[in-house]
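Each value in this text was obtained by applying a stated rule to the coordinates, not by laboratory testing. Quick caveat: nothing in here was measured; it's all calculated off a predicted structure. Every residue, glycine among them, receives a Cβ derived from its backbone with ideal geometry; neighbour counts consider all protein chains shown.
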């Protein structure tokens, strides 16, 4: 990092931090308690199929990473020792910063809650997995979306024949839906 003179004190800059696995929210909570440190943890919320049916999951948009704005020499040690933080992203002796407009663009896309809700909109032809009920775990293809009733007609292979079944939209999750295909 460049040395700042006494006449020009260093300004806070954005850095990318690595968190411990699945601990982004814990690192953010502890870093928010530090004075002089601003945190940005972009997250997404989406439906995921589980053995209990379709449930809403909230995860970091960039798994294992979050952003912190701080004065490098003054706040580095407390940032590195905050619970949940495993380090600051660097390449050898180069510690890259993130430009303010990049963070501003991400914040504008996610809103003040730093959260993007991804609605599962189904269209005919989508491959879905049934997330609950007696048909849980089976794959089907969306044939018709009945938006007024919040139900979906799907085609599925059942007992060697193609069968049309009408199910609640909340019991279906688009197959392959996940972090990599969300946005």
Subject >> Difference of contour (0.36 nm per residue) and Cα-Cα distance, residue 118 to residue 33 >> reply: 27.6 nm
**OP:** For residue 134 paired with residue 158, estimate the spin-label separation in nm (one decimal), with each label point 7 Å from Cα along the Cα-to-Cβ line.
**Re:** 0.8
Original post:
What FRET efficiency do you get for residue 74 and residue 50 if R0 is 45 Å and r is their Cβ-Cβ distance, rounded to the nearest 0.05?
Top reply: 0.50
Subject >> Which labelled figure in [x] 22.5, 67; [y] 18.1, 58; [z] 22.4, 80 is Rg and Dmax of the Cα atoms in Å, once derived from the coordinates >> reply: [z]
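List 113, 24 from most exposed to least, where exposure is judged by having the fewest other Cβ atoms within 10 Å.
113, 24
Once every DSSP H run of n ≥ 4 in the chain is given -39500 (n - 2.57) and the sum is divided by its residues, what mean residue ellipticity at 222 nm do you get, rounded to the nearest 500 deg cm²/dmol?
So the helix-based figure for the chain works out to -4500 deg cm²/dmol.
Could you grab the relative contact order for segment 127-181? Cα pairs under 8 Å, six or more apart, rounded to a whole percent.
The value is 33 percent.
Using r as the Cβ-Cβ distance of residue 105 and residue 151, and R0 as 45 Å, what FRET efficiency do you calculate, to the nearest 0.05? Can you show the working numbers first?
Details: r = 38 Å, r/R0 = 0.85.
Plugging the Cβ-Cβ distance into 1/(1 + (r/R0)^6) gives 0.70.
Taking the Cβ-Cβ separation of residue 166 and residue 26 as r and a Förster radius of 45 Å, what is the calculated FRET efficiency to the nearest 0.05?
About 0.60, to the nearest 0.05.
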Original post:
Most exposed first by the Cβ proxy, i.e. fewest other Cβ within 10 Å, how do 158, 91, 62, 70 rank?
Top reply: 91, 158, 62, 70
Original post:
Hey, what's the Cα Rg ratio for segment 30-96 versus the globular rule of thumb, 2.2 N^0.38 Å?
Top reply: 1.44
**OP:** At a temperature of 37 °C and a viscosity of 0.692 mPa s, determine how fast segment 127-181 diffuses translationally according to Stokes-Einstein, using the Kirkwood radius over alpha-carbon pairs as Rh; express D in µm²/s, rounded to the nearest whole number.
**Re:** 286
